[in-house]
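Trainee: First, the structure itself, so that you have it in front of you.
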């Protein structure tokens, strides 16, 4: 053992073995270079390994699950655990290091190329690591190559050498060439080569250059400088510069361009950004300056839009992220590579935005990150309808406004300033973070904080019988935040904040969020994972009193999934929980419109106290011929301090059942059809069944629902549902046939230890049978075929032996099917249905067809039939079509052929301009008696709006495929 700089070096000989996980190496000799990680750093220990003599490398299942054999091997390992080494054998100091050590160093210098050091066979170089730790990237730096310059003719007539002199003072060679010259400079660091075309060239160099120019072959030249004139085309990587005159220093990679026009790609943009400047100067590798500059994405000679600036400075700074606690370099926990922060920033001074040749906007100084190249304002929308009036909605970038040059990595911070003529002024802010390292945190976090509020001067229009609803609070708004972070040691934290001013705010201003997003709640969960177990600490507080919510003060859960017992003969699952809970009923609304139809659910009581339960299951997986059969037993014991009558209750629940599946398949390569686009056909069938008997010591009706099944939007609808649909008074509960608790029990929600609601359990006998089918074929070009699901057709039903108790008198229930037929790559037919047979049960069938063609359009037609609990026959259709290169049209409609009638329409027409997308749209909402008109303008540069896509794909930006 010895020391080589910061590395600890071990030279081993005689039956050497290295073990890591289920991977190992065997060799006669080995050299190890070990780089130990410093304390409190997130980087693992790293070890370079060179092996010689009967080398065998066995890769474990975590890698490629194979074996390498050869005379030598070079690799790199890393680990977050300790490294166990043999005790060093005392030996006298050597005057010369062993040959195997010298060969190992030589191999590393040649990047694993054994031929360069005379080895008989090439080295097998690889990196691998322990499970869960990423392989280390190669750290070999290529040897810098000298610059080589080649001079050839630009035109077929050839170039001419007009002068060839040597400066007597400096000894520099000076050469002038004209009649069209092609200069190729190889060996430019990071970009590989530079190609310059010009009519006339003056070339300076400290080395004789005439021979290079006359031979047309590349020659090594250092410190070359060029002055070029006439129709210059400069290519470097993906950048192209057109210019009248130019100076370029090849050694410093800097230069000055007069009358420049630069075409360059931008991050996340398919097309090219066009920069024109009177003077363009490359100061150094990370900084450019342009004077008398304009920026546009247009490819026209005189563009319709551009940003004009007196001066533009572009910088690209790279730096390693430093841990604020240790002051050391921060390493990526997955790749173990240093985290590099890029800041690509453009700063422009005295700026004017031109549209159609006229200045429309001025700002003295703009500074923006090129990765997000909007300047100050992210978007502007104009709308008008009878509900909110004329609307001007704007979103601003706070980092640009406040001049914050170094924000936290992965964050975005925006402010919304909105004007609604019928309602007032709205103000909001949103902070997003993704993979962000906050101060004093060693792991990244993901989440957001979104707030928006308004001093409302109108009334809410919520549709149907709620078109004029008085405000319940003013000012009004909402604050919603989410935070997710994983710490070292598989410790995870989830936090959320949810405040809403009143029960109708989200439905009025953010309807999509109200209908589809998670409920706005306030709480946290701290969870520790260990193999197949987890333990969590949960806490929550009720902030929004107008919704039914449960406070956890706190709650602890422990879960075990898939624990093997008795040599894999049994599988054990368990979930145990204890906590102090407080279920708060929803407060009655203050406005008379909602109050007239408000009532509490039977399980919505003011109950609190300790709730403790444990749910355990044992499974016996068996192979019975070709079938998989699993008998199982599940049980739960739970204690509730208060039921709906404020009495404590102890419940025992037991379940005995068996589930199984049988898979069958057949394949026929002879099935060929051009009409149906079939290339062979495979039919796979799975028969699945689950039958069980369950018994509970207490009925479900006795328990308050601490774990809600529905979200706030569903609960608000259900309160009005019994009045509007069934005509029941507010003091009469919903019929049991539409009670969500009994639907969940019939579907077997309690048939799992991870059931989301501990209260859902009751007596039940049921057998669930399903037939799952798929027909598969191959599609694609010869040699590139892929397997696709041509037809999928799943059906299922449940049988209830005790129908009167468990299924409202019907033996068969919960019949459902799901059908999907991919007739072609662009045309499909889909259908699904759910059906029960008792009164007021769910009875619905939907069938639809969709046809789409990228960059052309999409068509969908669907029909939904409902027979219970409401009667409806609804036709849904949407159509989007690119009529010409310049116009896109779209229409959508929904109509009920029963009592509801017209449900709504929308029409839009988009003009695809050279500078942007101009959209005119009309939307009709009969439920709210609202007709809205919208006019939207969105630049084609980084367009992200709903009208910037065709068949789900973005419209290509201008210039993506050349001139339009």
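Okay, residues lined up against (1) surrounded by 15 or more Cβ atoms within 10 Å (Cβ to Cβ); (2) under 30 Å from residue 505 (Cα atoms):
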site	(1), (2)
549	yes, yes
561	yes, no
567	no, no
607	yes, yes
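Trainee: What's the number of the only condition in (1) surrounded by 15 or more Cβ atoms within 10 Å (Cβ to Cβ); (2) at positive phi; (3) modelled with pLDDT of 75 or more that residue 54 fails to meet?
Mentor: (1)
Trainee: Take the residues in the range 513-528 that are loosely packed, with under 15 Cβ neighbours inside 10 Å and in contact (Cβ under 8 Å) with a residue 12 or more places away in the chain; name whichever of them is farthest from the chain's Cα centre (by Cα).
Mentor: Filtering the range 513-528 for residues that are loosely packed, with under 15 Cβ neighbours inside 10 Å and in contact (Cβ under 8 Å) with a residue 12 or more places away in the chain, the one farthest from the chain's Cα centre (by Cα) comes out as 515.
Trainee: Report, ordered by the first and then the second residue, all pairs with beta carbons closer than 6 Å, sequence separation of six or more or different chains, a first member in the range 611-631 that is touching a residue at least 40 places away in the same chain (Cβ under 8 Å), and a second member that is surrounded by 15 or more Cβ atoms within 10 Å (Cβ to Cβ) and part of a loop (DSSP other than H, G, I, E, B).
Mentor: 613/758; 615/753; 617/753
Trainee: On to the next question. Going residue by residue through the range 708-719, is there one that turns out to be buried (at least 18 other Cβ atoms within 10 Å of the Cβ) and in contact with a strand residue (DSSP E or B) (Cβ under 8 Å, 6 or more places away or on another chain)?
Mentor: Within the range 708-719, one or more residues are buried (at least 18 other Cβ atoms within 10 Å of the Cβ) and in contact with a strand residue (DSSP E or B) (Cβ under 8 Å, 6 or more places away or on another chain).
Trainee: Tell me, which residue of the range 861-882 that is part of a loop (DSSP other than H, G, I, E, B) and modelled with pLDDT under 90 is farthest from residue 951 (Cα to Cα)?
Mentor: The qualifying residue farthest from residue 951 (Cα to Cα) is 869.
Trainee: Testing residue 729 on (1) in contact (Cβ under 8 Å) with a residue 12 or more places away in the chain; (2) part of a loop (DSSP other than H, G, I, E, B), one condition comes back false. Which one is that?
Mentor: (1)
Trainee: Given the condition surrounded by 10 or more Cβ atoms within 10 Å (Cβ to Cβ), touching a helix residue (DSSP H, G or I) at 6+ places or on another chain (Cβ under 7 Å) and at pLDDT 70 or above, answer yes or no: does some residue in the range 107-118 qualify?
Mentor: Yes, some residue in the range 107-118 is surrounded by 10 or more Cβ atoms within 10 Å (Cβ to Cβ), touching a helix residue (DSSP H, G or I) at 6+ places or on another chain (Cβ under 7 Å) and at pLDDT 70 or above.
Trainee: Now for a different question. Out of (1) over 20 Å from residue 806 (Cβ atoms); (2) modelled with pLDDT of 95 or more; (3) surrounded by 15 or more Cβ atoms within 10 Å (Cβ to Cβ), what's the single condition that is false for residue 691?
Mentor: Failed condition: (1).
Trainee: Related question: Scan the range 253-263 and give yes if some residue there is assigned to a loop (DSSP other than H, G, I, E, B) and modelled with pLDDT of 65 or more, otherwise no.
Mentor: yes
Trainee: Against the definition (without any contact (Cβ under 8 Å) to a residue 40 or more places away in the chain, surrounded by fewer than 16 Cβ atoms within 10 Å (Cβ to Cβ) and on the phi < 0 side of the Ramachandran plot), how does residue 899 come out, yes or no?
Mentor: When the stated conditions are applied, residue 899 passes them.
Trainee: Next question, about the same structure. Do we find that residue 586 is more than 24 Å from residue 523 (Cα to Cα) and touching a residue at least 12 places away in the same chain (Cβ under 8 Å) in this structure?
Mentor: It is false that residue 586 is more than 24 Å from residue 523 (Cα to Cα) and touching a residue at least 12 places away in the same chain (Cβ under 8 Å).
Trainee: OK, next. Restricting to the range 658-694, name every residue that is part of a loop (DSSP other than H, G, I, E, B) and touching a residue at least 24 places away in the same chain (Cβ under 8 Å).
Mentor: Once the filter is applied, which keeps residues that are part of a loop (DSSP other than H, G, I, E, B) and touching a residue at least 24 places away in the same chain (Cβ under 8 Å), the range 658-694 yields 676, 677.
Trainee: Give the number of residues within the range 57-70 that are modelled with pLDDT under 85 and within 11 Å of residue 27 (Cβ to Cβ).
Mentor: Counting residues in the range 57-70 that are modelled with pLDDT under 85 and within 11 Å of residue 27 (Cβ to Cβ) gives 2.
Trainee: Just to be sure I understand the filter: pairs with C-beta atoms under 7 Å, separated by 6 or more residues or on different chains, first member in the range 704-715 and in contact (Cβ under 8 Å) with a residue 60 or more places away in the chain, second member crowded, with 17+ Cβ neighbours inside 10 Å and assigned to a helix (DSSP H, G or I). Which pairs pass?
Mentor: Qualifying pairs under 7 Å: 713/514.
Trainee: Condition test on residue 509, is it crowded, with 19+ Cβ neighbours inside 10 Å and within 25 Å of the chain's Cα centre (by Cα)?
Mentor: no
Trainee: Let me ask you something else. Considering each residue of the range 432-452, count those that are surrounded by 17 or more Cβ atoms within 10 Å (Cβ to Cβ) and closer than 21 Å to residue 415 by Cβ, and give that number.
Mentor: Qualifying residue count, the range 432-452: 6.
Trainee: Please go through the range 513-526 and pick out each residue that is assigned to a loop (DSSP other than H, G, I, E, B) and over 23 Å from residue 704 (Cβ atoms).
Mentor: Within the range 513-526, 517 is the sole residue that qualifies.
Trainee: Could I ask something else about it? Modelled with pLDDT under 85 and either in contact with a helix residue (DSSP H, G or I) (Cβ under 7 Å, 6 or more places away or on another chain) or surrounded by fewer than 16 Cβ atoms within 10 Å (Cβ to Cβ) (or both): which single residue out of 354, 419, 399, 376 fits that description?
Mentor: Going through 354, 419, 399, 376 in turn, the sole match is 376.
Trainee: Quick check: is even one residue across the range 490-498 over 28 Å from residue 541 (Cα atoms), crowded, with 16+ Cβ neighbours inside 10 Å and in contact with a strand residue (DSSP E or B) (Cβ under 7 Å, 6 or more places away or on another chain)?
Mentor: No, the conditions are met nowhere in the range 490-498.
The values are calculated or read from the model by the stated rules, or taken from the named source; none is laboratory data. Worth saying up front: this structure is predicted, and the values here are computed from it rather than measured. Cβ: placed from backbone, ideal geometry, glycine included. Neighbour counts: every protein chain shown.
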